[in-house]
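Chemist: Input: one structure, supplied below.
The values are calculated or read from the model by the stated rules, or taken from the named source; none is laboratory data. Bear in mind the structure is a predicted one, so any value in this text is a computation, not a measurement. In this analysis, Cβ positions are derived from the backbone assuming ideal geometry, glycine residues included, and neighbour counts consider all displayed protein chains.
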Amino acid sequence: MPTVTINDRTIEVDRGTNLVEAAKQAGVQIPHYCYHPRLSIVGQCRMCLVQLDGGAKLAAACSVNVEKDGMQVRTDVPEVKEAQRGMMEFFLINHPLDCPICDQAGECGLQDYAFKHGQAYSRFQYEDKRTYPGRERIPLGPNVLLNMNRCIQCTRCVRFTREVSGTGELGFFNRGARTEIGVFPGKPLDNPLSTNVVDICPVGALTSTRFRFAERVWYLDKRPSICTGCDVGCNITMEHRRANIRRYKPRHNEAVNDYWMCDYGRETFERYETLPRLAAPRKRQAGDDGEMEIVPVGWTEALDELRERLRMAGRSAIAGSGNLTTEEAWLLAKVAAATDVADLPLITTQGPTRTIPNTHGGVSGSDAQPNRRGAELAGLGGDGMTAADLLQGDAAANLDLLIVADSDFSDAAHDPEVVERLRRADYLVVFGWADSALARAADLALPVATHAEKSGTFVNVQWRAQRFEAAFPPAGQIRPAAEVLADLLDRFEEGWEGATLNDVFTRMADEVPAFAGLDFDLPPTGSLLNVPGSVPNVPEATGAGADGGSESGTEVSG
Amino acid sequence: MAFEPILTRNVGHPEARSVDGYKKRGGYAGLAKALKMEPGEVIDEVKTSGLRGRGGAGFPAGLKWSFVPQDTGKEKYLVCNADESEPGTFKDRLLMEHDPQQLIEGCAICCYAVQASTCYIYIRGEYTEALAIMEEAIKDAYDAGILGDNAMGSGFRLNMYMHAGAGAYICGEETGMLESLEGKRGQPRVKPPFPAVIGAFGSPTVINNVETLANVPHIIERGGEWFAGIGTDERNTGPKLYAVSGHVERPGTYEFPIGVPFSELLDACGGVWRGRELKAYIPGGASAAILPGDEFYDLPMDFDQIAKAGSMLGSAAVMVMDETTCMVRSVARLAKFFNHESCGQCTPCREGTNWMELLLTRIEKGQGRPQDASLLANICTHISGNSLCALGDAAVGPVKSLVETYFHEIEQHVHDGACPYPEIRVFSNGQAA
């Protein structure tokens, strides 16, 4: 591997690494706007100018690759600093400087670099700034708004639609100082990945219609998480303010979603706001007048009651869903084993195929739930009663006890007909974060955390186990389901009380072959499971074909 | 000095536009000779001649041809740069309108030398007459068997196409031209890779100016040694077309051995018009620094001497300015051109040319501030060398010379609060009052 010296730091890099990346590896930041690791090199923002081998003419670091040994790069010489100051001035002379009303403020490339490389005063004092009258609020598509006045013409968005989404809706129009970004007539920016252009826009020119004016970004608490929109399992940053989720942004994972995520995934958190929340444990019981009434109940009493019901029941079933974490699913299976429940139907839902491009050919998923594979590995599903028996058949009518571990397993959980079918069980227990029609019909409704409030492991379409962490704790009496299930399991098997997720995962790894040898601390890119049917390390081989079914709509399977 | 015209020998002989007429006047002897030589020998002959590119950069043509890799297995291309768009340039137009076969012959020899079977002549879109003449000449050359599957019976296959631009100066930049040729937005590519390695349609490509290629038949026919004997020294050889415009009695295209003193060129044009004094001249097109007339009156007009004087030969578009010329207004007009023609891709050129135009216009209007001259100079340093292609540097050329050489005129504008030169009304026939 060739060596390269950047500001006296000599490192070895792969041949062909460009200088921006090489410098990053050496711990030197080279400022840049138009460069993006997944987009073609255009070298046009000129912010990444560096001095090469002491030469007089500066070179754009993004367009120089390390090919031979001993390249000398400097970013700390006066020539480079002067050029950076010059470029910053050029960027800012025509920029509106409307930071107080700009969504990008706080995460803006212009603000950051102006602070670091710019100067505190303007020499552009007697001229009028260039503006694009009438182009301040142009909807490029349903998700993206353009304010041309703020644009710095880096063309990242244009290249994204040409090179990543492959849809090419955006173009670079006009010339010189009048250059602008836009869509072609009658062709809106409406591809499934369109909001990514907002993420890669270094300034506030492109803003998201969903996030626009929702929050000042410096108030956002940003936590790593996983999108629950489908079984691709895009790595995301969940950004919330005081437990109000404001947006999802993609988090880089080269093996899965790379730098991208789809527009649908970005809106999935809105379900947490639109559906009513199940806030406290409650049960249905006969009141003094003999009428059934719903009353609050404490957790201990609720779990004790559930233990009794499980002990007494003649025939029980525990239904899980692909929304559960693998740990939750495994604990459910443990409870079932401890109480001789044989029927563990797994409710799954098919959605449209969603494809996220990455450098290995992309990942496609068509489950509408994030963790069908993890739930299956943990022991849900299998022989016996199927989800179809429950939801479309009359299987519940034969049950003394039915536990549905997810009150929002799909839209069917809100369907009165389905709820009525499930309600035919003698005693219906529902876990869930949503106060769905199903939860309201339950004899015992137990409030558990949303995926934003809990930690756990999802197994995506590639059979890759990925960990996510709670972004914020659940409010009030709501508890993470894994904690509740551990407490319930403790009522049958000693030693589960207060078990941490680490304990649960470690026990699971001991017992479930697919997870054998996995440490609780999964690598940041996740771990490909050794499962028959998975094709480790060849991500392109998994994908749409693996499960078939590209139709939209809800299906159920055992 | 009696100099027998070489490049312009067929000007005034309209019959030379056809293959027959051109042959009668001695044409296609160079191509016939070249096709009997090895391609490498042709390149060596051009190297011997010392021919440097006539488009502006002055890169040795033979050397450029030798950079084309022959072992890639890819198609190779010659693109002739006929996108002559800089203010004051009109030499290539003359060559195409009056001697199209000479250009076709030059292109054919170059194609043979680098073993390219396809040649595109990218012509400025406004050159409709030159385009029609070239199209006609190419058709004639096909009919006469000069072009086609069996060029002059040699077995060498050569196809030639005209491609008209759509009105952007930036498409005269070689990679911008390739983008435009490929049907994309005309904006320069990041270099390297250079076109000799990855050019048109991802293939090795030679790009030469019209005048450069027009020299080639004569080099092959009469030998590189003969060619090298013309001009000032071994680095500045051959005949050169000078497109003289501005305040002279007879503006036009003049052919001289390269390195002709400016004074001789001016005399050939009948001197400064209306008996006025020479104030300054631009030796090499809109992007060259302005030279004061008195100091550089006898400057030999070749690549190296002009570079030493702080300007450049460029495209040899000589613009002469008399004593009534306001330098600030002239440079403001040039800045307007570059601002208008900047492709908008890279930051220093997009923003810098715009800023320079605004500043210069304001100074010209008499609203300048004392600090504006140093601000202009600083903007120049920020653009210069930092832009993606040469257009940024080109835009800086005249502005920098204004600040350095005619600083006092800026000061005068600022001090007077008005332009000290009378406004020149220009009538529709182009004559100034």
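Chemist: When B:G310 is evaluated against the numbered criteria (1) away from every other protein chain (no Cβ under 14 Å); (2) within 16 Å of B:A418 (Cα to Cα), which criterion, by number, is the only one it fails?
Modeler: Condition not satisfied by B:G310: (2).
Chemist: Starting from the range A:34-52, take each residue that is away from every other protein chain (no Cβ under 12 Å) and list its partners that are part of a loop (DSSP other than H, G, I, E, B), counting only C-beta distances under 7 angstrom and pairs at least six apart or across chains.
Modeler: A:R38/A:Y259; A:L52/A:V64
Chemist: Next question, about the same structure. Just for helices (runs of 4 or more DSSP H) wholly inside the range B:172-249: which have at least 2 residues that are of a type in the set (S, T, Y) and within 14 Å of another protein chain (Cβ to nearest Cβ)?
Modeler: Result: B:174-181.
Chemist: Further question: Of all the residues that make up the range B:1-34, how many are of a type in the set (S, T, N, Q) and either assigned to a helix (DSSP H, G or I) or over 22 Å from the mean Cα position of the chain (by Cα) (or both)?
Modeler: So the count comes out to 1.
Chemist: Considering each of B:P398, B:P348 in turn, give the residue that is farther than 30 Å from A:R150 by Cα and in contact (Cβ under 8 Å) with a residue 40 or more places away in the chain.
Modeler: Result: B:P398 is the single residue among B:P398, B:P348 that is farther than 30 Å from A:R150 by Cα and in contact (Cβ under 8 Å) with a residue 40 or more places away in the chain.
Chemist: While we're here: Whether any residue in the range A:56-67 is modelled with pLDDT of 95 or more, more than 9 Å from every other protein chain (Cβ to nearest Cβ), closer than 21 Å to A:H252 by Cβ and not in a loop (DSSP other than H, G, I, E, B) is what I want to check.
Modeler: Within the range A:56-67 (the criterion being modelled with pLDDT of 95 or more, more than 9 Å from every other protein chain (Cβ to nearest Cβ), closer than 21 Å to A:H252 by Cβ and not in a loop (DSSP other than H, G, I, E, B)), the answer is yes, since at least one residue qualifies.
Chemist: Failed condition for B:A214, given (1) without any contact (Cβ under 8 Å) to a residue 60 or more places away in the chain; (2) of a type in the set (G, A, S); (3) touching a helix residue (DSSP H, G or I) at 6+ places or on another chain (Cβ under 8 Å), with all others met?
Modeler: So B:A214 meets the others, but not (1).
Chemist: Scan the range A:139-151 and tell me whether some residue there is surrounded by 20 or more Cβ atoms within 10 Å (Cβ to Cβ), farther than 30 Å from A:G362 by Cα, out of contact with any Pro (no Cβ under 7 Å at 6 or more places or on another chain) and at pLDDT below 95.
Modeler: For the range A:139-151, residues surrounded by 20 or more Cβ atoms within 10 Å (Cβ to Cβ), farther than 30 Å from A:G362 by Cα, out of contact with any Pro (no Cβ under 7 Å at 6 or more places or on another chain) and at pLDDT below 95: absent.
Chemist: Still on this structure, please answer the following. For the range B:375-392, which positions are in a helix (DSSP H, G or I) and either buried (at least 21 other Cβ atoms within 10 Å of the Cβ) or more than 10 Å from chain A (Cβ to nearest Cβ) (or both)?
Modeler: Within the range B:375-392, B:L376, B:A377, B:I379, B:C380, B:H382, B:I383, B:A390, B:L391, B:G392 meet the criteria.
To keep it simple, each residue is scored yes or no on (1) closer than 27 Å to B:P192 by Cα; (2) at pLDDT below 95.
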position: A:C48; (1), (2): yes, no
position: A:D53; (1), (2): yes, yes
position: A:K81; (1), (2): yes, no
position: A:L92; (1), (2): no, no
position: A:L97; (1), (2): no, yes
position: A:C108; (1), (2): no, no
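Chemist: Let me ask you something else. If you go through the range B:268-291 one residue at a time, do you hit one that is out of contact with any strand residue (DSSP E or B) (no Cβ under 9 Å at 6 or more places or on another chain) and surrounded by 20 or more Cβ atoms within 10 Å (Cβ to Cβ)?
Modeler: yes
Chemist: Under 8 Å by Cβ, and 6 or more places apart or on different chains, what pairs join a residue from the range B:405-418 that is among the aliphatic types (A, V, I, L, M) with one that is in a loop (DSSP other than H, G, I, E, B) and surrounded by 18 or more Cβ atoms within 10 Å (Cβ to Cβ)?
Modeler: B:I410/B:G368; B:V414/B:G368
Let's see how each residue does on (1) within 24 Å of A:E239 (Cα to Cα); (2) within 14 Å of chain B (Cβ to nearest Cβ):
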residue: A:D98; (1), (2): yes, no
residue: A:P133; (1), (2): no, no
residue: A:C151; (1), (2): no, yes
residue: A:T161; (1), (2): no, no
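Chemist: Any residue in the range A:119-131 that is within 13 Å of another protein chain (Cβ to nearest Cβ), outside any loop (DSSP other than H, G, I, E, B) and surrounded by fewer than 21 Cβ atoms within 10 Å (Cβ to Cβ)?
Modeler: Checked the range A:119-131: no residue is within 13 Å of another protein chain (Cβ to nearest Cβ), outside any loop (DSSP other than H, G, I, E, B) and surrounded by fewer than 21 Cβ atoms within 10 Å (Cβ to Cβ).
Chemist: Go through the range A:300-342 and report how many residues are buried (at least 16 other Cβ atoms within 10 Å of the Cβ) and out of contact with any Leu (no Cβ under 8 Å at 6 or more places or on another chain).
Modeler: 3
Chemist: State all residues of the range A:20-33 that are within 13 Å of chain B (Cβ to nearest Cβ) and either β-branched (V, I, T) or without any contact (Cβ under 8 Å) to a residue 60 or more places away in the chain (or both); if no residue qualifies, say none.
Modeler: The one that is within 13 Å of chain B (Cβ to nearest Cβ) and either β-branched (V, I, T) or without any contact (Cβ under 8 Å) to a residue 60 or more places away in the chain (or both): A:H32.
Each row is one residue, and each column tells you yes or no for (1) at pLDDT below 95; (2) under 30 Å from A:E79 (Cα atoms); (3) touching a Lys or Arg at 6+ places or on another chain (Cβ under 9 Å).
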| residue | (1), (2), (3) |
| --- | --- |
| B:M321 | no, no, yes |
| B:P348 | no, yes, yes |
| B:L358 | no, yes, no |
| B:A377 | no, yes, yes |
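Chemist: Does the range A:134-149 contain any residue that is part of a helix (DSSP H, G or I) and within 28 Å of B:L391 (Cβ to Cβ)?
Modeler: Checking the range A:134-149: at least one residue is part of a helix (DSSP H, G or I) and within 28 Å of B:L391 (Cβ to Cβ).
Chemist: Scan the range B:35-73 for residues that are part of a helix (DSSP H, G or I) and surrounded by fewer than 16 Cβ atoms within 10 Å (Cβ to Cβ) and report the count.
Modeler: Residues that pass the stated criteria total 4.
Chemist: In the list B:E97, B:E45, B:E84, which residue meets the criterion of being of a type outside the set (S, T, N, Q) and more than 28 Å from B:L265 (Cα to Cα)?
Modeler: B:E45
Chemist: From the list B:V396, B:V426, exactly one residue is at pLDDT 95 or above, closer than 22 Å to B:P87 by Cα and more than 11 Å from chain A (Cβ to nearest Cβ). Which is it?
Modeler: B:V396
Chemist: Out of everything in the range A:229-265 that is in contact with a Ser or Thr (Cβ under 6 Å, 6 or more places away or on another chain) and not in a strand (DSSP E or B), what residue ends up being nearest to A:S410 (Cα to Cα)?
Modeler: In this case the residue turns out to be A:G229.
Chemist: Next question, about the same structure. Take the residues of the range B:337-369 that are of a type in the set (G, A, S) and closer than 20 Å to B:A168 by Cβ: which is surrounded by the most Cβ atoms within 10 Å (Cβ to Cβ)?
Modeler: So the residue we want is B:G352.
Chemist: How about the range A:287-385: which helices (runs of 4 or more DSSP H) wholly inside it have at least 1 residues that are of a type in the set (K, R) and touching a Cys at 6+ places or on another chain (Cβ under 7 Å)?
Modeler: Those helices (runs of 4 or more DSSP H) do not exist here; none qualify.
Chemist: Just checking, which of A:T17, A:T75 is more than 28 Å from A:R162 (Cα to Cα), more than 9 Å from chain B (Cβ to nearest Cβ) and touching a residue at least 12 places away in the same chain (Cβ under 8 Å)?
Modeler: A:T75
Chemist: Still on this structure, I have one more. Which condition does A:R307 not pass, out of (1) farther than 30 Å from A:S527 by Cα; (2) in contact with a Pro (Cβ under 9 Å, 6 or more places away or on another chain), if it passes all the others?
Modeler: The one condition A:R307 does not meet is (2).
Chemist: Is it the case that A:A177 is touching a residue at least 60 places away in the same chain (Cβ under 8 Å), aliphatic (A, V, I, L, M) and within 12 Å of another protein chain (Cβ to nearest Cβ)?
Modeler: Yes; evaluated as a whole, the condition is true for this residue.
Chemist: Does A:Q84 satisfy being under 30 Å from A:E127 (Cα atoms), assigned to a helix (DSSP H, G or I), more than 8 Å from chain B (Cβ to nearest Cβ) and of a type outside the set (D, E, K, R)?
Modeler: yes
Chemist: Oh, and also: Given the criteria more than 21 Å from B:I220 (Cα to Cα) and not aromatic (F, W, Y), does B:P87 qualify?
Modeler: It is true that B:P87 is more than 21 Å from B:I220 (Cα to Cα) and not aromatic (F, W, Y).
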